[in-house]
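The next block holds one structure in the form of structure tokens; read it before the comments.
Just so it is clear, none of the values below were taken in a lab; they were calculated from the coordinates. Because the structure is a prediction, the values reported are computed rather than measured. Here the Cβ is made from the backbone with ideal geometry for all residues, glycine too, and neighbour counts use every protein chain on show.
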Ligand SMILES: NC(=O)c1ccc[n+]([C@@H]2O[C@H](COP(=O)([O-])OP(=O)(O)OC[C@H]3O[C@@H](n4cnc5c(N)ncnc54)[C@H](OP(=O)(O)O)[C@@H]3O)[C@@H](O)[C@H]2O)c1
């Protein structure tokens, strides 16, 4: 195939997708960040691509421009690229990887004839980790040519493409937030409570992870109601009150989150 790719914004997602696409035969044309040093580091990490410390028209010479900056920069980057364009962009595809934004963030490039879309892997990319992409959902939306390429890329990366409407993206991304960063906050709160109860950090983590993993495993096999255990599921009101009384000694966010999650359990699991 040997098609060419520019990456604009090469952090956790840009580098990982860049590496994988390069392995799949894409030639990385340029890698753009906001400084020469980070662009060079990104090019080393991807193993290909000309590093650029600022946006230039060269970024638009590739068949695919992948914008992997933070969400808040995407629209401005697209506008800047549109100003740098020296001609009509028909035949080019521009994709961003934001979960919350739709392809309208790339309107300025669409007006020049580029096919625009978004491709969001529902996965957590942390620095220093190579996340699994096999079996991962990739939410895809945008113009037909952009959707077609994104769908092909998602499959080649081992993922499962799911086409959604631009209007559904905020809800889609909020759902992902529940399953990842919000879940992380809940687990970390639990770990800190155990630490303050006398556990060493390692013991706290070792105590909680099997519980959390078994719960997810039960959820997968039995569904939410079958997996539901704990005082709310049993109607142990006195125990819940004891928890809430104890949580008065903790920063107020612990008690607020506990209460909100108790109400959410009742609403979702029906008691
Ligand atoms: N991390 C995840 O788990 C995850 C998962 C799925 C989707 N996403 C989405 O993927 C996108 C990137 O997220 P990330 O976590 O990879 O972000 P990140 O690690 O913070 O990386 C962002 C990159 O963009 C560069 N950058 C920032 N502003 C720029 C600009 N104006 N022009 C050019 N480059 C710029 C930064 O480099 P310099 O600071 O050196 O310029 C950095 O390389 C976001 O839309 C995010 O919502 C993230």
| Pick from 43, 145, 212: which is most flexible by mean-square fluctuation in a GNM of the chain where alpha carbon atoms under 10 Å apart are linked? | 212
| Full-stretch length increase - residue 229, residue 162 - with 0.36 nm per residue and alpha-carbon distance subtracted | 20.9 nm
| How far, in degrees from 0 to 90, does helix 201-227 lean away from the longest principal axis of the Cα atoms of the chain, to the nearest 10? | 90 degrees
| message | Would any residue of region 74-96 have its amide N under 12 Å from a label point 7 Å out along Cα→Cβ of residue 145? List them or say none. | response | 88-94
| Using the alpha-carbon centroid of each, what span in Å lies between region 209-271 and region 64-116? | 43 Å
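Given that compact globular proteins tend to follow 2.2 N^0.38 Å, what is the ratio of the alpha-carbon Rg of the chain to that value? Show your work: numbers first, answer last.
Details: Rg = 22.5 Å, N = 271, 2.2 N^0.38 = 18.5 Å.
This ratio for the chain stands at 1.21.
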| remark: The exposure ranking of 160, 237, fewest beta-carbon neighbours within 10 Å first, is 237, 160
| message | From zero outward in steps of 10 Å, how is the percent of C-alpha pairs of region 46-202 spread across the bins? | response | 10, 33, 31, 15, 7, 3, 0
| field | Antiparallel %, DSSP beta bridges [both residues in the chain], to 5 | value | 15 percent
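Can you give me the convex hull volume of the Cα atoms of region 98-187, divided per residue and expressed in Å³?
Taking only Cα atoms, region 98-187 has a hull volume of 106 Å³ per residue.
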| query | So how far apart, in nm, are the two label points at residue 19 and residue 237 if each is 7 Å from Cα heading toward Cβ? | reply | 5.4 nm
| field | Where labels lie 7 Å past Cα in the beta-carbon direction, separation of residue 196 and residue 252 in nm | value | 1.6 nm
| task | Would you mind checking the tilt of helix 144-156 against the longest principal axis of the Cα atoms of the chain, expressed as 0 to 90 degrees and rounded to 10? | result | 60 degrees
| query | Can you tell which of 90, 62, 114 shows the greatest fluctuation in a Gaussian network model of the chain with Cα springs below 10 Å? | reply | 90
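Would you kindly calculate the translational diffusion coefficient of region 171-269, applying Stokes-Einstein with the Kirkwood radius from alpha carbon pairs, for 37 °C and a viscosity of 0.692 mPa s, and quote it in µm² s⁻¹ without decimals?
Numbers: Rh = 14.8 Å.
Roughly 222 µm²/s, to the nearest whole number.
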